[in-house]
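Trainee: Just passing along the structure, written as structure tokens.
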Amino acid sequence: MKPLIADLHMHSLMSGHAFGTIRELAFAAAERKLLAIGVTEQ
């Protein structure tokens, strides 16, 4: 299986049901060496 390079469907606290701010999502993505993220709010 190929490694994950992006997560294009994430939710932040703004969605009302997720955990973490957009900044926290970005830091977590960087720690996992993701090249891109997409924050899709409800």
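Trainee: In Å, what Rg and Dmax follow from the Cα atoms of the chain?
Mentor: Looking at the chain, its Cα Rg and Dmax stand at 10.5, 33 Å.
Trainee: Relative to the longest principal axis of the chain, what angle (0 to 90°, nearest 10) does the C-alpha long axis of helix 22-31 take?
Mentor: Rounded to the nearest ten degrees, it is 20.
Trainee: In addition: Could you compute the net charge surrounding Ala6? Neighbours are other residues with a C-beta less than 13 Å from the C-beta of Ala6; K and R count +1, D and E count -1. Can you show the working numbers first?
Mentor: Details: positive: Lys2, Arg32, Lys33; negative: Asp7.
Overall, the nearby charge balance is +2.
FYI, it's all coordinate maths here, none of it is from the lab. Everything numeric here is computed off the predicted structure, so don't read it as measured data. We place every Cβ from the backbone using ideal geometry, glycine too, and count neighbours over all the protein chains shown.
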